[in-house]
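K.L.:
Have a look at this one before I ask anything.
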Number of protein chains: 2
Amino acid sequence: MQQTIIDTLKRNQLSITDSRKKILELFAKANGALAHFDIEHQSGAEFDRVTIYRTLQTFVEKGIIHTIPSADNSIRYALCKEDCAGGHHHDDHVHFMCDSCGTTYCLDHVNVPQLDLPKGFRAVQTDVVVSGVCSKCAGA
Amino acid sequence: MQQTIIDTLKRNQLSITDSRKKILELFAKANGALAHFDIEHQSGAEFDRVTIYRTLQTFVEKGIIHTIPSADNSIRYALCKEDCAGGHHHDDHVHFMCDSCGTTYCLDHVNVPQLDLPKGFRAVQTDVVVSGVCSKCAGA
DNA sequence: AACTATTTTGCAACATTGTTGCATTGTATT
DNA sequence: AATACAATGCAACAATGTTGCAAAATAGTT
Ligand SMILES: [Mn+2]
Ligand SMILES: [Mn+2]
Ligand SMILES: [Zn+2]
Ligand SMILES: [Zn+2]
């Protein structure tokens, strides 16, 4: 696990630092997406807030994590799949936010659909965010 | 126009106040969605920031406007169609944010698609936000 | 292992966005 | 016009995010 994390950093030409290792580890452990808030708490005040912001920015730029839009003003982040790289994200899957437990899922097997846009509109990225009740919360 | 605005407020059992009239008017004039920031500027510091926030909240609750999620930490709002009402929004259309001019469009004629979610996931709302270049900016 | 160039971090300060409590003002109703 | 009620403005606060800069850590070289 530690080795995978270090490999990921090296592959992206990032120097190996405590904060980067820790934050990547949190993403690997997490079963859903993480917001800045989650990371700040789960890392136990180990790093400065600013460092977390900058690390997240770096990871997004490198194609290690991707952002998930929301209507509640806190961006969530989740690990990318293999084929994302610097500046070129390919996370064309749907995201799901559970209203009950708050978890944000990457539905890796639900692809974002092709859309017929009005004449003249050119799509560069399509974000689909579904909210509702997740399978864990429905089963309970 | 003024009459339509007053009618909308009355239909929703809202008292007629200067800020509500002005903000509704801004939405009626706007060709896209508006963020709090836009309203604060376009209304020329006529109202307190808090009043704008509360007015937007009220309008959302009444089904007069709907929110549009984003990954840039500022919620956008746009007028709902006829069939939205208190607590029951029916804005099942796609939204488009132009990377060039910044305008956010309601693509009223592009419906959000039906999705096959994994077993156990129940969708309550689906938001589709496309970003790219709008027809105005492409034409220029 | 020590040296050095370059990156990263922590801190302070600030900006933006949004919320809450409460006294004052405005609106609707009689 | 008087009253009951709702909306507003102000102050204070909270959460989220950004920037500049000095100190510390990292990576590559001797
Ligand atoms: Mn994802
Ligand atoms: Mn819309
Ligand atoms: Zn859940
Ligand atoms: Zn445009």
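The values are calculated or read from the model by the stated rules, or taken from the named source; none is laboratory data. Source: prediction; values computed, not measured. Neighbour counts are summed over all protein chains in view; Cβ atoms, including those assigned to glycine, are modelled from backbone coordinates with ideal geometry. Heavy atoms of the whole protein, side chains included, go into the accessibility calculation; ligands, DNA and RNA do not. Shrake-Rupley method; radii C 1.70, N 1.55, O 1.52, S 1.80 Å.
K.L.:
Would a scan of the stretch A:65-76 turn up a residue that is away from DNA strand C (no atom under 16 Å from the Cβ) and at pLDDT below 90?
P.N.:
No - not one qualifying residue is present in the stretch A:65-76.
K.L.:
I want to confirm something. Restricting to the stretch B:23-58 and keeping residues that are over 22 Å from B:PRO69 (Cβ atoms) and within 15 Å of the chain's Cα centre (by Cα), which single residue is farthest from ligand 1 (Cβ to nearest atom)?
P.N.:
Applying the filter and picking the extreme gives B:GLU25.
K.L.:
Determine the pairs where a residue that is within 14 Å of chain B (Cβ to nearest Cβ), located within the stretch A:18-40, has a partner that is among the aliphatic types (A, V, I, L, M) and away from ligand 4 (no atom under 16 Å from the Cβ) with Cβ atoms under 8 Å apart, the partner being 6 or more residues away or on another chain.
P.N.:
Taking only residues 6 or more apart or on different chains, the pairs are A:GLY32/A:ALA78; A:ALA33/A:ILE68; A:ALA33/A:ALA78; A:ALA35/A:ILE75; A:HIS36/A:ILE52; A:HIS36/A:LEU56; A:HIS36/A:ILE75.
K.L.:
Quick check on my filter: what residues within the stretch A:113-140 are more than 16 Å from ligand 3 (Cβ to nearest atom), facing chain B (nearest Cβ under 7 Å) and under 24 Å from the mean Cα position of the chain (by Cα)? I'd like the intermediate steps shown before the answer.
P.N.:
First, pick out the residues of the stretch A:113-140 that are more than 16 Å from ligand 3 (Cβ to nearest atom): A:113-128.
Subset that is facing chain B (nearest Cβ under 7 Å): A:113, A:115-128.
Passing the criteria: A:PRO113, A:LEU115, A:ALA123, A:VAL124, A:GLN125, A:THR126, A:ASP127, A:VAL128.
K.L.:
Can you report the number of residues in the stretch A:22-71 which are of a type in the set (D, E, K, R) and not in a helix (DSSP H, G or I)?
P.N.:
2
K.L.:
Sticking with this structure for a sec: Can you tell me which residues in the stretch A:104-140 are open to solvent by 30 Å² or more (accessible area, probe 1.4 Å), over 27 Å from B:GLY139 (Cα atoms) and polar (S, T, N, Q)?
P.N.:
A:ASN111, A:SER135, listed by residue number.
K.L.:
Here's a follow-up. Among the residues of the stretch B:114-140, how many are within 16 Å of ligand 2 (Cβ to nearest atom) and part of a loop (DSSP other than H, G, I, E, B)?
P.N.:
Residues that pass the stated criteria total 1.
K.L.:
Condition test on B:THR103, is it over 17 Å from A:VAL129 (Cβ atoms) and within 13 Å of DNA strand C (Cβ to nearest atom)?
P.N.:
Numbers: over 17 Å from A:VAL129 (Cβ atoms): yes; within 13 Å of DNA strand C (Cβ to nearest atom): no.
It is false that B:THR103 is over 17 Å from A:VAL129 (Cβ atoms) and within 13 Å of DNA strand C (Cβ to nearest atom).
K.L.:
Another question, then. Looking at A:TYR77, is it within 11 Å of DNA strand D (Cβ to nearest atom), within 15 Å of the chain's Cα centre (by Cα) and open to solvent by 90 Å² or more (accessible area, probe 1.4 Å)? Let's see the steps before the verdict.
P.N.:
Working: within 11 Å of DNA strand D (Cβ to nearest atom): yes; within 15 Å of the chain's Cα centre (by Cα): yes; open to solvent by 90 Å² or more (accessible area, probe 1.4 Å): no.
Here the answer is no, as A:TYR77 does not meet what is asked.
K.L.:
Would you point out the residue of the stretch A:5-40, among those that are within 28 Å of A:CYS101 (Cβ to Cβ) and touching an Asp or Glu at 6+ places or on another chain (Cβ under 9 Å), that is surrounded by the fewest Cβ atoms within 10 Å (Cβ to Cβ)?
P.N.:
Ranking the qualifying residues of the stretch A:5-40, first place goes to A:LEU26.
K.L.:
Oh, and also: Output the residues belonging to the stretch B:106-140 that are in contact with a helix residue (DSSP H, G or I) (Cβ under 7 Å, 6 or more places away or on another chain) and within 16 Å of DNA strand C (Cβ to nearest atom). Explain how you work it out, then say what you get.
P.N.:
Of all residues in the stretch B:106-140, those in contact with a helix residue (DSSP H, G or I) (Cβ under 7 Å, 6 or more places away or on another chain) come to B:118-122.
Once the filter is applied, which keeps residues that are in contact with a helix residue (DSSP H, G or I) (Cβ under 7 Å, 6 or more places away or on another chain) and within 16 Å of DNA strand C (Cβ to nearest atom), the stretch B:106-140 yields nothing.
K.L.:
Counting just the residues of the stretch A:89-103 that are open to solvent by less than 30 Å² (accessible area, probe 1.4 Å) and facing chain B (nearest Cβ under 7 Å), which one comes out farthest from ligand 4 (Cβ to nearest atom)?
P.N.:
Only one residue tops the list, namely A:PHE96.
K.L.:
Could you count how many residues in the stretch A:37-81 are under 18 Å from A:LYS21 (Cβ atoms) and polar (S, T, N, Q)?
P.N.:
Number of matching residues: 6.
K.L.:
Scan the stretch B:45-68 and tell me whether some residue there is polar (S, T, N, Q) and at the interface with chain A (Cβ under 9 Å from one of its Cβ atoms).
P.N.:
yes
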